[in-house]
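Remarks on the structure that follows.
Readers should treat all values here as calculations from the given coordinates under stated rules, not as data from a laboratory. Just so it is clear, the structure is predicted and the values come from calculations on it, not from any experiment. Don't worry about glycine lacking a Cβ; one is built from the backbone with ideal geometry, like all the others, and counts go over all protein chains shown.
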Amino acid sequence: MLEVKNLTKIYDNKVLALDNVSFQVEDGQFMAVIGLSGSGKSTLLRCINRLVEPTRGQVIWDGVDITAAPQEDLRLIRRRIGMIFQQFNLVTRASVLTNVLSGRLGYTNPLWSLINYFPKEDVEKAMANLERVGIADKAHSRADELSGGQQQRVGIARALMQDPQILLADEPVASLDPVLAHSIMRILKKLNQEDGISVICSLHFLDLVQQYADRAIALNEGRPVFDGLPREIDDQRFKEIYGRDAERIG
Amino acid sequence: MSQPRNRRSIWRSLAIFFAALVILVVYAYGLQVTKVDLEKPKEARRQAQLTNIIRGLARPRLFEYEEKRLEIDAPLMMPCNDQVVLPPVDTSGRYIELTPNCVALGGRVTVNGYNFEPGETVFLYFLPRAASIHEQVELRLADAPIEVNPQGQFTYVAEMRKDRPSDEPQAIRAVVKMRSGLPHPSDTLKDTWDKIVETVFLALIATTLGTALAIPISFLGARNLMSNVVSPFGSIMTGLLLAPVGGVVGFRLFSWLKGLGGGLGQRAWPGLGALMVSIAVVWALILLLSRQTRGRFAALRQGGLGLLAALLAVFALGLLATLGIRLGLGLQEVLGPFAFLGNLIFVIADLLAIILPLLGGLMGLFLFVSLGSSLSGRFLRSTRPTTAKAFTAIAATLAGAVLAALLLGGIAWLYEVENPVRFVAVPAAAVGAIMLVISLLVDVQRPVPTGMIVYNITRTILNALRSIEPLIMVVAFAVWVGIGPFAGVMALALHTIAGLGKLYSEQVENILEGPIEAVTATGANRLQTIVYAVIPQIVPPYIAFTIYRWDINVRMSTIIGFGGGGGIGFLVQQNLNLLKYRDASVQMIAIAIVVATLDYASAKVRERIV
């Protein structure tokens, strides 16, 4: 179980990105985080694996305080938390296979990895994961030769290399067209249901939230404004989350 | 309404007027300081000199003809003596006639030349009586060469010397220098070729050395990589305290191991055998290390094995260096025209032998700092706050005192301070006391931006180095390693490190943050993040900048010789000083060709790669 307690983040330029956010995520849950752009969704996800250092508050995972972990322990925690990104964040000049294998870096011998050597099991695992997201044939292409949807699949395969128990997805489909968006969301849902990976996913479109998520929390200017089931978000709630002038589109 | 607007426009006009006045004064003073004098270039003497230079430069001494020397002699009695009958002159080819053919000391003789080629130049000499043909000298009669008229004749009235009387016939000689055969490359051209090759390779070696060192430094000078490196106050103090210890231990250890390996390497076959064995053992240790291990003492075991492998590797490298030096020297004698290949092995092995202890110092420093700060970090987190505080206070006091002492020791040596012990001890104690107070006031876990400190130091050093032109640096290096291309290599390499270090780190700062974020999120350590997320992004710009720098270095290496750095600049300077403009011209053409060619080539390569 992941517990977020009173999490607050104030950036160096005094911007209050998160304001006293608390929630719990049960193992195996698919939780959506919604809110306007700039409402703190990305900061929240990055505070969980400390890509962003929280200013106050705690993130406790199975009794371990992630926020208090020293750097070396943090590495060991991070390798069980996969993450995928809106911009995919692949190394575009490297091959797909190398990108996927880089998900294994937390586990491999640091010395060998520096000369781009991975054990045979890891390479097989990488091919299996590429197979799973449906692009095994692209393993030896350069990452920038792939379309957006394919790049996000590589991102997911990379996260899977970590044998994650939690998957953080930061707007995973915001750069994709609706058809691709659904295919990516279906993969995430499948991983959530088949492997029991908890998914914490920030999303823009409410219909995606209602179709795939078990639960949703909403942020507005860093403050939690909703925590409940996706279908509970009616027009009234919608206006609370997105502001008075917002119109639903989709 | 119009009143304030009007006033403002008056102020504006006044301001513009004063600005113009200031600019005028600045330029007037500038002209005075730079001694611009338009009268000087008009002077006839200077214009003649300029013409000389331009004519010289316009006629590069690229080719030369073989010269044939034609000597035409006519006998002369000085003083006159009726008893001697002079032989008749052969009038079949070019010949000269003297009137009179006998003359008193210091008298005048009219020299008439016939059957010469029109336009030829003739040099006239007086040949005094000599005991043998080997002692024969030619004394110049005419100050300037004489030009033959269109009829193939010339006349010259020569004033004879007052010394050199003789009873025997003496002679006057006309000399014509004739070109013969085909033109062949001049000696200047050959020298220029040698030096231009030296120049190009000087630039190559300097660029290679500079690039190799600039790459790791550029990571330290990249803000985005360094800004998030922070360490708690307590552990950084421990690390600082251990830094000099690690440096000394590493240096000593590596020197000792190198000596050990070097001793074995003195005998070729046992040395080679030992090398094989140690390589095999290191390999086995690495294989053992690469296995995943778990358990309580796994880290300790891994660390111990790693250390053993590293020490054995250093021993093997020391052995390799000694063997390489011997092999290189041997090959130099055996290979003949390819002796430079032996020299290459010798230089690389020698370099290895030199840098091994330095590398040891650096690695020891790094290891002690990282191990010290991480272990002390663990200790400080787990122990009671008062213990942590006390530990930090001691570490900070000692670290401050030791580092201050080292720094002051350096200053004392540099300025030859009279009483070094007191000069060092008192301020060091003071710094220690200050650190003690700071450590008592500051929280043990307070983060210190170590990364930014390293970043700022790196950038400051790079900027300082970059502001000194290699032409100035080379003077210091020429004193140290002697005048010649090696000094040039070192000066250019140092400047390359500074220049490329800055350009490279700016490229690192320009890379996309996304991949770094993604790789960090997988649990990769800092080094892995650099290898997997940073390096793939910086390869193209690094190659582009290296080629650009190579371009600059070729240009610089053409003038580095002016400061004693070898290469073609040395020849240019020499020839200009000796007023040999025709030779300097050859070298200038060579420089232009090389720079233009490399400019073009590097542009092509950059296009291809980036």
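What the table shows:
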quantity	calculated
Diffusion coefficient, µm² s⁻¹, Stokes-Einstein with Kirkwood Rh over alpha-carbon pairs of the stretch B:89-130 at 20 °C and 1.002 mPa s	176
Rg ratio (alpha-carbon, reference 2.2 N^0.38 Å) - the stretch B:1-106	2.92
Whole-Hz couplings from phi, Karplus 6.51/-1.76/1.60, listed for the stretch B:45-62; x for Gly and Pro	4, 5, 5, 4, 4, 4, 4, 3, 5, 5, 4, x, 5, 6, 10, x, 7, 8
Between 0 and 90°, nearest 10: helix B:268-290 axis offset from chain B longest Cα axis	40
For the stretch B:535-610, radius of gyration divided by Kirkwood radius, i.e. Rg to Rh on alpha-carbons	1.15
Projected label distance in nm at B:Ile16 and B:Ala476, using a 7 Å step from Cα toward the beta-carbon	5.1
Overall form of the stretch A:23-177 per C-alpha gyration tensor (a/c, 1.5; a/b vs b/c)	oblate
Virtual spin-label span in nm between B:Val175 and B:Leu105, 7 Å along Cα→Cβ	2.6
Beta bridges per DSSP with both ends in the protein assembly as shown, % antiparallel, nearest 5	75
With Cα atoms, 0 to 90° folded angle of helix B:470-481 axis to chain B main axis	90
Nearest-ten-degree value, helix B:581-609 long axis tilted from longest Cα axis of chain B	40
Cβ-placed point charges (K, R +1; D, E -1), dipole of the stretch A:83-226 about Cα centre in debye, nearest 20	140
Cβ-derived FRET efficiency at R0 41 Å, B:Phe338 paired with B:Leu70, nearest 0.05	0.35
Rel. contact order, % - alpha carbon contacts under 8 angstrom, at least six apart, the stretch B:454-498	45
Above-threshold pairs, the threshold being 20 Å between Cα atoms, out of B:Lys195/B:Lys604; A:Lys14/A:Lys41; A:Lys125/A:Lys190; B:Lys68/B:Lys195	B:Lys195/B:Lys604; B:Lys68/B:Lys195
Cα-projected label distance for B:Gln47 with B:Glu506, points at 7 Å along beta-carbon direction, nm	4.7
Within-14-Å neighbourhood charge of B:Pro169 [Cβ basis; K, R +1; D, E -1]	-1
Qualifying GluC sites (Glu not before Pro) in the stretch B:16-87, DSSP loop, other Cβ atoms within 10 Å at most 16	B:Glu39, B:Glu43
Cα-based convex hull volume of the stretch B:65-185 per residue, rounded to whole Å³	126
Cys with no candidate disulfide partner in the protein assembly as shown (beta-carbon separation under 4.7 Å rule)	A:Cys47, A:Cys201
Convex hull volume per residue for the protein assembly as shown, taking Cα atoms only, in Å³	349
Three-way shape call for chain B based on the alpha-carbon gyration tensor, with the a/c threshold at 1.5	prolate
Equivalent ellipsoid semi-axes - Cα gyration tensor, the stretch B:252-377, angstrom	34, 17, 11
Added length on full extension, which subtracts the Cα-Cα distance from 0.36 nm per residue, B:Val36 to B:Arg59	5.2 nm
Packing-based exposure ordering (other Cβ within 10 Å, fewest first) of A:Val91, B:Val594	B:Val594, A:Val91
Where trypsin sites (Lys or Arg not before Pro) fall in DSSP loop in the stretch A:155-250, at most 12 other Cβ within 10 Å	A:Arg244, A:Arg248
P(r) of the stretch B:135-224 over all Cα-Cα pairs, binned every 10 Å from zero, in whole percent	10, 19, 16, 14, 12, 9, 9, 8, 3, 0
Cβ-based exposure ranking for B:Trp11, B:Trp269, A:Trp112, A:Trp61, in which fewest neighbours within 10 Å come first	B:Trp269, B:Trp11, A:Trp112, A:Trp61
